[in-house]
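J.: Got a structure for you, written out below as structure tokens; questions coming shortly.
The values are calculated or read from the model by the stated rules, or taken from the named source; none is laboratory data. Small disclaimer: the values here were computed from a predicted structure and weren't measured. Don't worry about glycine lacking a Cβ; one is built from the backbone with ideal geometry, like all the others, and counts go over all protein chains shown.
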């Protein structure tokens, strides 16, 4: 039984911010000043499974490090928007490229740059430690903090609602 108050059968795509969502909100800096993000292994499994099962998956982040691009490309994510100054523009590009309708998209964000996109998707999702303004507009607030498995939670609940969890490609990387 899903804890998400939305008809998850509509969802065909997952879009995620990185910092504070797929990685923790506090991150170390490398000696050259680049952020060194953490990743959650179970998020990675769920993301690659979603791709294999035919969902469109996107990353829209204001940040840029080569490691982030490589990580998500290796998981099969086709739509990676980095250095996204105004995320709504990249979200509209994603919709145009995929032909999706807003009600078919779940977007997970944690802070003010995610606000506009979250107002335009069917299922806006926030981690437990998101900014108050983001929690206010989220239809689902995950019990997990950013970086602690929010993608896995969202993808798993969606696939279970659609009868697709532990089916087909689920048993391999």
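One line per residue, one yes/no per condition, for (1) closer than 16 Å to residue 154 by Cβ; (2) in contact (Cβ under 8 Å) with a residue 12 or more places away in the chain; (3) over 14 Å from the mean Cα position of the chain (by Cα):
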{"site": "10", "(1), (2), (3)": "yes, yes, yes"}
{"site": "14", "(1), (2), (3)": "yes, yes, no"}
{"site": "25", "(1), (2), (3)": "no, yes, yes"}
{"site": "40", "(1), (2), (3)": "yes, yes, no"}
{"site": "47", "(1), (2), (3)": "yes, yes, no"}
{"site": "52", "(1), (2), (3)": "no, yes, yes"}
{"site": "68", "(1), (2), (3)": "no, yes, no"}
{"site": "77", "(1), (2), (3)": "yes, yes, no"}
{"site": "82", "(1), (2), (3)": "no, yes, no"}
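J.: OK, next. Just give me the residues in the stretch 7-30 being farther than 17 Å from residue 94 by Cβ and modelled with pLDDT of 80 or more, in sequence order.
T.: Here is the first cut: in the stretch 7-30, the residues farther than 17 Å from residue 94 by Cβ are 7-9, 19-20, 23-30.
Answer for the stretch 7-30, where residues must be farther than 17 Å from residue 94 by Cβ and modelled with pLDDT of 80 or more: 7, 8, 9, 19, 20, 23.
J.: Counting only residues that are over 15 Å from the mean Cα position of the chain (by Cα) and outside any helix (DSSP H, G or I), which one in the stretch 144-163 is modelled with the highest pLDDT?
T.: Only one residue fits best here, namely 162.
J.: Working only within the stretch 50-71, note down all residues that are modelled with pLDDT under 95, surrounded by 19 or more Cβ atoms within 10 Å (Cβ to Cβ) and either touching a strand residue (DSSP E or B) at 6+ places or on another chain (Cβ under 6 Å) or over 23 Å from residue 115 (Cα atoms) (or both).
T.: Within the stretch 50-71, just 71 meets the criteria.
J.: Another one. Counting only residues that are under 20 Å from residue 142 (Cβ atoms) and in a loop (DSSP other than H, G, I, E, B), which one in the stretch 90-119 is farthest from the chain's Cα centre (by Cα)?
T.: Filtering first and then ranking leaves 119.
J.: What number of residues in the stretch 79-91 are surrounded by fewer than 13 Cβ atoms within 10 Å (Cβ to Cβ) and either modelled with pLDDT of 95 or more or in contact with a strand residue (DSSP E or B) (Cβ under 9 Å, 6 or more places away or on another chain) (or both)? Working first, answer last.
T.: Quick first cut of the stretch 79-91, residues surrounded by fewer than 13 Cβ atoms within 10 Å (Cβ to Cβ) only: 83, 85-86.
Keeping just the survivors that are either modelled with pLDDT of 95 or more or in contact with a strand residue (DSSP E or B) (Cβ under 9 Å, 6 or more places away or on another chain) (or both) gives 83, 86.
Within the stretch 79-91, residues that are surrounded by fewer than 13 Cβ atoms within 10 Å (Cβ to Cβ) and either modelled with pLDDT of 95 or more or in contact with a strand residue (DSSP E or B) (Cβ under 9 Å, 6 or more places away or on another chain) (or both) number 2.
J.: So, one more: So which residues in the stretch 120-143 are outside any loop (DSSP other than H, G, I, E, B) and in contact (Cβ under 8 Å) with a residue 12 or more places away in the chain? Walk me through how you get there before you give the answer.
T.: Residues of the stretch 120-143 that are outside any loop (DSSP other than H, G, I, E, B), as a first pass: 123-126, 132-137, 140-141.
123, 124, 125, 126, 133, 134, 137, 140, 141 - these are the residues of the stretch 120-143 that are outside any loop (DSSP other than H, G, I, E, B) and in contact (Cβ under 8 Å) with a residue 12 or more places away in the chain.
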